[in-house]
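Remarks on the structure that follows.
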Amino acid sequence: MRIAVVHSFYSSAQPSGENRVVEDQVEALNQAGHQVELIRQDTDHLQGGFYAAKTAVNLLSGSGFDPSKTLLRFNPDVVHVHNLFPNFSTKWVSRISAPTVVSLHNYRSVCSNGLLYRDGNICHECPDRGNHRAIVHGCYRDSRLATIPIALSISRTQQNLLTGATGIVTTSELSDRAIRRFVPLELSTHMIPNFIDQVDLIHSTLTRPRKWIAMGRFTPEKGFVDLVQDWPHSEQLLVVGDGELEEQIKAAAKEKRIEFLSSVSRETLREILAQSFGMIFPSRWYESDPQVVAEAMRVGVPVVAFYANTSAELVSATGSGAVYQDRVSLEAALASVVENRDQMSAAALGEFQQRWTKAAWLAKIESLFEFVVEKNG
């Protein structure tokens, strides 16, 4: 099958697991024998000059890079769109003849910051009361001015991108429900989690003393400030990451058994994970399909998840970890993992095999591609 993959790569200044997901999926499709054309726009290459102003104008007008000529030359059987924000136009999606599958990795189609999260809480104001609410709050980069073009473009994005699609992919049960609730889709959604490559699989080999791990960007929605504030003095924690809240997080961690490590390669991360007793996932937003959780379960490491995120549902349903909400319930969740780690580890491995393997993803995405091609007929 000839597959065109379209993705706007985020800036390396704000590392995104989504970029890695797209590259891994392109490689997997190539290895499966498909002919794949990656059509990309890289923010790193486009920045400079009047980039911000041009992007704002493109969002307001629905303009931006149009891949139609490349698609016409390649003549794909199906087009797989990942992220068009902020560098691609959305107008072309409904005009092309090939069936189009759109993967929704975040909530940008209903929320200006893409998170459905604001000021420390889950937020549904824009889908419930109107996109102007994002401008009132300055939801994008804490700036009303920067938020205006995004908020005003959301309705057009929904019309061009989602209504123009042949199939919609969500990546978790929680994100699927959120999209179904807030976007008036005539199409059914297809829940297909992203995969984690199993190359050089390392199983958990515990070291003593017991040490937990948490990792991610140090931004408000990730929940690290609250985590280190609530962390019990009796337990050791390694926090891997960096970002705007680093000083605040480190200050809150003083006099506790908490160590810090800057962001590391995926290979190093896997080695550290395999020696961890459990992983803490403190994210406060819905977070569609967190790859760090998949990486933990890949090596049988139980996950302790904050109750509001998508991983909390998963560990509760599968017994692969525990859920917490505050300081007291965090201590109880940690104790539960200590008491039941062997069973939770086995459940985590089992869930990974069923949910996040390359084979599982390929089977589902190829089935969807075949379905939309036949439907487009």
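The values are calculated or read from the model by the stated rules, or taken from the named source; none is laboratory data. This one's a predicted model, so the numbers in the text were calculated from it and none came from an experiment. Here the Cβ positions follow ideal geometry from the backbone for every residue, glycine too, while neighbour counts run over all protein chains shown.
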Next on the checklist: Every residue in the stretch 99-119 that is in contact with a helix residue (DSSP H, G or I) (Cβ under 7 Å, 6 or more places away or on another chain) and either closer than 18 Å to residue 188 by Cα or surrounded by fewer than 20 Cβ atoms within 10 Å (Cβ to Cβ) (or both), please.
Outcome noted: 99, 100, 101, 102, 104, 105, 107, 109, 110
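Inside the stretch 19-56, can you point out the residues that are assigned to a strand (DSSP E or B) and either at positive phi or of a type in the set (Val, Ile, Thr) (or both)?
36, 39
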Item to check | Unmet requirement for residue 300, which otherwise passes all of (1) at pLDDT 95 or above; (2) not in a helix (DSSP H, G or I) | outcome: (1)
Next on the checklist: So if I check each of 310, 318, which one is within 21 Å of residue 22 (Cβ to Cβ), outside the structural domain of residue 34 (by TED's automatic domain parsing) and among the β-branched types (Val, Ile, Thr)?
Outcome noted: 310
Next on the checklist: For the stretch 248-258, which positions are under 17 Å from residue 225 (Cβ atoms) and of a type in the set (D, E, K, R)?
Outcome noted: 250, 254, 255, 256
Item to check | Filter result for the condition that a residue is within 23 Å of residue 145 (Cβ to Cβ) and among the small types (Gly, Ala, Ser), over 97, 61 | outcome: 61
Next on the checklist: Going by what's in this entry, would residue 147 be described as surrounded by 15 or more Cβ atoms within 10 Å (Cβ to Cβ) and in contact with a Cys (Cβ under 9 Å, 6 or more places away or on another chain)?
Outcome noted: yes
Checklist entry - Given (1) at pLDDT below 95; (2) loosely packed, with under 14 Cβ neighbours inside 10 Å; (3) among the basic types (Lys, Arg), where does residue 54 come up short, assuming only one miss? => result (2)
Checklist entry - How many residues does the stretch 18-45 hold that are in contact with a helix residue (DSSP H, G or I) (Cβ under 6 Å, 6 or more places away or on another chain), crowded, with 18+ Cβ neighbours inside 10 Å and in contact (Cβ under 8 Å) with a residue 60 or more places away in the chain? => result 1
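Quickly run through the stretch 223-247 and pick out the residues that are assigned to a helix (DSSP H, G or I) and exposed (fewer than 15 other Cβ atoms within 10 Å of the Cβ). Steps first, please.
From the stretch 223-247, those assigned to a helix (DSSP H, G or I) are 224-230, 246-247; that's our starting set.
Answer for the stretch 223-247, where residues must be assigned to a helix (DSSP H, G or I) and exposed (fewer than 15 other Cβ atoms within 10 Å of the Cβ): 229, 247.
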Checklist entry - How do the pairs read when you match residues in the stretch 133-144 that are under 10 Å from residue 113 (Cα atoms) with residues anywhere that are assigned to a loop (DSSP other than H, G, I, E, B) and among the aromatic types (Phe, Trp, Tyr), using Cβ under 9 Å and keeping only pairs 6 or more apart or on different chains? => result 134/140
Next on the checklist: Looking at 118, 156 in this structure, which one is closer than 29 Å to residue 25 by Cα and either without any contact (Cβ under 8 Å) to a residue 24 or more places away in the chain or basic (Lys, Arg) (or both)?
Outcome noted: 156
Next on the checklist: Quick test of your reading of the structure: residue 200 fulfils all but one of (1) modelled with pLDDT under 95; (2) part of a helix (DSSP H, G or I). Name the failing condition by number.
Outcome noted: (2)
Checklist outcome for this item: The lone condition residue 178 fails out of (1) buried (at least 20 other Cβ atoms within 10 Å of the Cβ); (2) modelled with pLDDT of 90 or more; (3) assigned to a helix (DSSP H, G or I); (4) in contact with a helix residue (DSSP H, G or I) (Cβ under 8 Å, 6 or more places away or on another chain) is (4)
